[in-house]
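> Sharing a structure, written as structure tokens. Questions coming.
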Amino acid sequence: MKGEPAYRRVLLKLSGEALMGGRNFGLDPETLERIATEVKSIHDIGIEVCLVVGGGNIFRGIQSAAHAIDRATGDYMGMLATIMNSLAIQGALEQLGVNTRVQSAIPMSTVSEPYIRRRAVRHLEKGRVVIFAAGTGNPFFTTDTAAALRASEMNCDALLKGTKVDGVYSDDPAGNPSAERYETLTFTEALSRNLKVMDATAIALARENGIPILVFSIQSPGSIAEVVHGRGSFTIIAE
């Protein structure tokens, strides 16, 4: 990949569903390996990388609220799912020779470090990939909000959100072929138009800290490297 990257330190936000590949549940090994290889490709050119991953492929807390489990308990269960996904990504990265640390917002010292901001920053400075697990550690906050929070705490230059589509649309392009695709949006436009790219708390937090959000398709091979070089197909949300 020629040219200088546009960002020095980035946070990559992945949904749990992004790890499923063509499956209906769980983890797809080939998809996991491909994403790990792409993360390695930007790590190898000197970009400092941290990640936040969701848990929807294993458990979605908000859906459980309609059943026998209350919302808070369901969200905690979802946090545990993100730890499982984080460990899977760590394993895939370390198989490729990338030093990786998992830091969990819920103390789980047998399998991960506790989240300590200064330690996480030091890991990044030493060239390690840091995966932030268990969201914010609090129920009622999404992993999107956790991603914006950790990106702010790590002083990231950008928040990269990998989705199923190549940017932000006015409506779901799968159900509405005439949906408009946006190349650029302001934070205010993303909030006022109620675009479902991230929850309002995450967008507001990114706006307060001046961190642009780049929305792209994680399903397109090579897309992470393209986006960090300012190329490819993506929507940028900024001031």
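> Would you check if there is a residue in the range 10-28 being β-branched (Val, Ile, Thr) and under 26 Å from HIS229 (Cβ atoms)?
Within the range 10-28, one or more residues are β-branched (Val, Ile, Thr) and under 26 Å from HIS229 (Cβ atoms).
> Kindly list the number of the only condition in (1) touching a strand residue (DSSP E or B) at 6+ places or on another chain (Cβ under 8 Å); (2) surrounded by 14 or more Cβ atoms within 10 Å (Cβ to Cβ); (3) part of a loop (DSSP other than H, G, I, E, B); (4) touching a residue at least 12 places away in the same chain (Cβ under 8 Å) that fails for PRO173.
Going through (1) touching a strand residue (DSSP E or B) at 6+ places or on another chain (Cβ under 8 Å); (2) surrounded by 14 or more Cβ atoms within 10 Å (Cβ to Cβ); (3) part of a loop (DSSP other than H, G, I, E, B); (4) touching a residue at least 12 places away in the same chain (Cβ under 8 Å) one by one, PRO173 breaks only (4).
> Another question, if that's okay. Considering the range 31-58 alone, what residues qualify as being within 20 Å of ASN155 (Cβ to Cβ) and among the acidic types (Asp, Glu)?
Across the range 31-58, the qualifying residue is only GLU48.
> State whether one or more residues within the range 53-73 are among the acidic types (Asp, Glu) and either surrounded by fewer than 19 Cβ atoms within 10 Å (Cβ to Cβ) or at pLDDT below 90 (or both).
Yes - at least one qualifying residue is present in the range 53-73.
> Give the residue that is nearest to the chain's Cα centre (by Cα), with candidates limited to residues of the range 186-212 that are charged (D, E, K, R) and under 22 Å from TYR7 (Cα atoms).
ARG207
> Pick out, from the range 40-150, the helices (runs of 4 or more DSSP H) lying fully within it that include 1 or more residues that are in contact with a Leu (Cβ under 6 Å, 6 or more places away or on another chain).
Result: 71-95.
> Being modelled with pLDDT of 95 or more and assigned to a helix (DSSP H, G or I), is that true of even one residue in the range 208-217?
Yes: one or more hits.
The values are calculated or read from the model by the stated rules, or taken from the named source; none is laboratory data. Computed from a predicted structure; not experimentally measured. No Cβ is skipped: glycine too gets one built from the backbone with ideal geometry, and neighbour counts run over all protein chains shown.
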